[in-house]
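Below is one structure, written out as structure tokens; the observations come after it.
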Amino acid sequence: MTDERFADREDAGRSLSDALGSYRDAGETVVYGLARGGVPVAAALARSLNLPLDVLAVRKVGAPGNPELAIGAVTNVGGLVTNREVVNSLGVSQDDLQEAADRERDELDRQTSAFGGESERVSPEGRTVILVDDGLATGASMEAAVDAVRTSGARRVVVAVAVASSSALERVERVADEVRCTLTPPTFMAVGQWYEDFSQTSNEEVSHILGAFSSGSADSTR
């Protein structure tokens, strides 16, 4: 990392491992990378800590007539996470909520199928879960991820991110048991500005990373 920027997502993952050394070889602990950009970060972290790796995909559920306004989220490790305050304030019916969630769940299924399906899933139940992303601008997706793994039985939830705005960090600190962040710049415009290489992470790259871990190849410690 140079000039307070990461070379790439792997560099970010290695930097996070310094702050999470207490979890090295920890039993009943799993690292989840948020799809897609969080997966290379999570892979470098999981390799350094000798922990298993999985992927967590989050899809925002938008309000009827205003898809940019999140009324909830669906993930591939749990059911629907609802922003009940917003749902109630908008008067969204249960049927409309379910219809919007089903649309996003269909897209989520297509996405996770491209990652290699469900055959190698690591359940969060009873485990310490380390949720990893390449950065947080608003923290909304990470908040949904925390809620999802808790709903699925996670014993402890740790959020690990390379860079975050101060407001996003405060948001996830309210819901996670522990939060680790390498950079919290005073001026934050976008996650990508803190990386030398912030090229898009493809479905194929995610699939390759997960396959390397599940097969125990030279690219993975487990």
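Across the alpha-carbon atoms of region 59-114, the computed radius of gyration and Dmax are 11.0, 36 angstrom. Using the alpha-carbon positions of the chain, Rg (one decimal) and Dmax (whole number) come out as 16.8, 53 Å. For the chain, the mean residue ellipticity at 222 nm estimated from helices alone is -11500 deg cm²/dmol, where every DSSP H run of n ≥ 4 contributes -39500 (n - 2.57) and the total is divided by all residues, rounded to the nearest 500. Shape analysis of region 87-135 based on the Cα gyration tensor places the equivalent ellipsoid semi-axes at 28, 17, 12 Å, largest first. Over all orientations, region 133-195 has a Cα convex hull whose mean projected area works out to 3.8 square nanometres.
Over all directions, the projected convex hull of the C-alpha atoms in region 37-158 averages 7.8 nm² in area. For the chain, the relative contact order works out to 24 percent when only alpha carbon pairs closer than 8 Å and six or more residues apart are counted.
Rule-based calculations on the coordinates, nothing more; no lab input. Treat the numbers as computed from the prediction; the structure is a model and nothing was measured.
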